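Chemist: Here it is: the structure, laid out below.
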Amino acid sequence: MDLDPDEVFRDDDDDPDNPLFQEKESTKELVVYLVDASPKMFSTTCASEHQKQETHFQVVLSCISQSLKTQIINRSYDEVSICFFNTREKKNLQDLNGVFVFNVFEREDLDRPTARLLKTVDSLEEVFMKEIGSQYGIVSGSRENSLYNAIWVAQALLRKGSAKTVDKRILLFTNEDDPFGSIKGATKFDLIRTTLQRAKDAQDLGISIELIPLSCPNEQFNISLFYADLIGLEGGELAQFVHSAGDRLEDMKDQLKKRMFKKRVVRSLKFSITNELSIDVNSYALIRPTLPGAITWLDSITNRPLKTERSFICADTGALFSEPSKRFQLYKNQVIKFSEEELSEIKRVATGHLRLLGFKPLSCLKDYHNLRPSTFLYPSDQEMVGSTCIFVALHRSMLKLNRFAVAFFGSPSRPQLVALVAQDEIITAGGQLEPPGMHMLYLPYADDIRHVEELHPDPNVAPKATDDQVKKAAALMKRIDLKDFSVCQFANPALQRHYAVLQALALEEDDMPEVNDETVPDEEGMARPGVVKALEEFKLSVYGENYEEEEAGKGKVSEASKKRKALSESAAQKCKEYDWTDLADNGKLKELSVVELKYYLTAHDLPVSGKKEALICRILSHMGK
């Protein structure tokens, strides 16, 4: 019997009849990274996140690499292509000059991102000049138009799939705000006209063109010179799109993620405002717990997932029950039997829809009412036309009157009251920062609220802080204030290690990528002289000068305390044998051993944990270097 290998080893998720496959196909994105490879991209530099100078070309490759990693983890069924223009060599199906479609072996030009593609992108800069080359594709005296050719090639790459079911995007990276600046007269007008027409043709086919400009040092990217017409920006949209000249690498990556990964609808809800008036809203999960994939047990022969089945056997006869089991309840000496469907219907006390109950002032909503991450609501006209108009009217009134809505919501087994808080749109120079909509806060039950027992019911007996203590506490909080703090900026370290292992295996790397645990305390920051001084002044103002001596006199000194004190004194003596200032100024700290570095740390009551590089950084931070 002949077996088709593709049929035997095909994943169930790739089966066209599988609902999961159909859902993926309906939300798939086809993306072409269109990268300017002109000499200006290699000559212009900017500061990276590590304060090193990087060219704009390096910044773009880093962004693409980071996005490919995120896509492989989150949305591996999306398809991408990398296309360079203003290149010396050409490689495209249309055989157009100045355009190079980059790819790896055994992969189509527009295909799913692979580990081999990612690994090649990371090392592409080293061989780019030799194998592909860089040159200006639009020069005076020539009618060659590399930007026109690039959009044409990108449009051809995105020919697969229907625009009604697939999102098609071109992400254009460049630092040249006037690509036709060197051309004069009628030739320039003709080149601009044909390029804009080519872009319009692509947009008419359902392809969106998005510009990610890179600003040169001390020179702002002027989008109004050409690209505003290419991507269709007018009036207020043009003012919102202007980017500052000092965009850092992190901003570029965040910007790319926002454009690449749109918010996905969790579910659609029916919002009943009155008995006769209802609208449709979509819910979006702003924060979700992310866990490694669950283990799937496979059959050793068919390679298909194993399924569990449960059967009920009579304890008296050993016969297999063919009918589903029923539950019963004794009522007035009668046995009342219930099927599973009847029990489920009895427990169903809510339909899962939203039902408006009324409004309250925002001052009635307390911080402790927010027990879990909120859900974001946005109107949808897909099922009920006019939902957006009603939602906008309700949204504006709530903002104007400083009110929040109280609504009834919940799963069939967990009804709950929720607070709908209107959020106004927030726009910055870089574009929309926060969209307009409503946050749905899940209000607590009465049993969830715990009233704190006061230690001093009489306010006259309760101790009060002096003005000096308040001043010292304020100075300490100012020193350790976290700038631009957000809970979203911390990644799950266990999950990051999980993905780091997968990345190392997929890319055949010998060493696992270093995982930065952002949840550990910032020891170097807390060891800064300014923070240590503010902390000591606060302790002194609250506890007094002899607090430590008084605490020590209350009990016997333990053996561990004696040992720590002896080690500290020994380290202080050995620390004096080194000229630490000279070692730090001449960069010779790295020549010392870890034991020698710990002499300084122990003598100055600093943490001694971490690798050698962390110890050196801690010493330099303490010395103010």
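Chemist: Do you know which of the residues in segment 386-398 that are in contact with a strand residue (DSSP E or B) (Cβ under 6 Å, 6 or more places away or on another chain) and over 18 Å from Leu357 (Cα atoms) is surrounded by the most Cβ atoms within 10 Å (Cβ to Cβ)?
Modeler: Ser387
Chemist: Report the residue count in segment 180-230 for those that are touching a Phe, Trp or Tyr at 6+ places or on another chain (Cβ under 7 Å), at pLDDT 90 or above and either charged (D, E, K, R) or open to solvent by 20 Å² or more (accessible area, probe 1.4 Å) (or both).
Modeler: Going through segment 180-230 one residue at a time, the tally reaches 3.
Chemist: Just a yes or no: is a residue in segment 96-105 open to solvent by less than 50 Å² (accessible area, probe 1.4 Å), over 28 Å from Cys46 (Cα atoms), assigned to a helix (DSSP H, G or I) and among the hydrophobic types (A, V, I, L, M, F, W, C)?
Modeler: no
Chemist: Sort out which residues of segment 145-177 are surrounded by 13 or more Cβ atoms within 10 Å (Cβ to Cβ) and assigned to a loop (DSSP other than H, G, I, E, B), and write them in order of number.
Modeler: Correct list: Asn145, Leu158, Gly161, Ala163, Val166, Asn175, Glu176, Asp177.
Chemist: To continue, here is another question. If you take the residues of segment 38-72 that are hydroxyl-bearing (Ser, Thr, Tyr) and closer than 18 Å to Asn218 by Cα, which of them is modelled with the lowest pLDDT?
Modeler: The qualifying residue modelled with the lowest pLDDT is Ser48.
Chemist: Under 6 Å by Cβ, and 6 or more places apart or on different chains, what pairs join a residue from segment 335-358 that is outside the structural domain of Leu417 (by the TED database) with one that is loosely packed, with under 11 Cβ neighbours inside 10 Å and small (Gly, Ala, Ser)?
Modeler: Sorted first by the residue in segment 335-358, then by its partner, the pairs are Lys347/Ser413.
Chemist: Just checking, how many residues over segment 573-625 are among the small types (Gly, Ala, Ser) and either within 36 Å of the chain's Cα centre (by Cα) or open to solvent by 70 Å² or more (accessible area, probe 1.4 Å) (or both)?
Modeler: 5
Chemist: Test each condition in (1) hydroxyl-bearing (Ser, Thr, Tyr); (2) modelled with pLDDT of 85 or more; (3) more than 30 Å from Ile223 (Cβ to Cβ) for Thr388 and report the one that comes out false.
Modeler: In the conditions (1) hydroxyl-bearing (Ser, Thr, Tyr); (2) modelled with pLDDT of 85 or more; (3) more than 30 Å from Ile223 (Cβ to Cβ), Thr388 misses (3) alone.
Chemist: I've got another one for you. Restrict the check to segment 75-87 and report whether at least one residue is β-branched (Val, Ile, Thr), touching a Pro at 6+ places or on another chain (Cβ under 8 Å), in the same structural domain as Asp178 (by the TED database) and open to solvent by 10 Å² or more (accessible area, probe 1.4 Å).
Modeler: Looking through segment 75-87, none of the residues is β-branched (Val, Ile, Thr), touching a Pro at 6+ places or on another chain (Cβ under 8 Å), in the same structural domain as Asp178 (by the TED database) and open to solvent by 10 Å² or more (accessible area, probe 1.4 Å).
The values are calculated or read from the model by the stated rules, or taken from the named source; none is laboratory data. Owing to the predicted nature of the structure, the values given are computational and were not obtained by experimental measurement. Positions of Cβ are backbone-derived with ideal geometry, glycine not excepted, and every protein chain shown enters the neighbour counts. The area values use the complete protein model at the heavy-atom level, side chains included, leaving out ligands, DNA and RNA. Shrake-Rupley method; radii C 1.70, N 1.55, O 1.52, S 1.80 Å.
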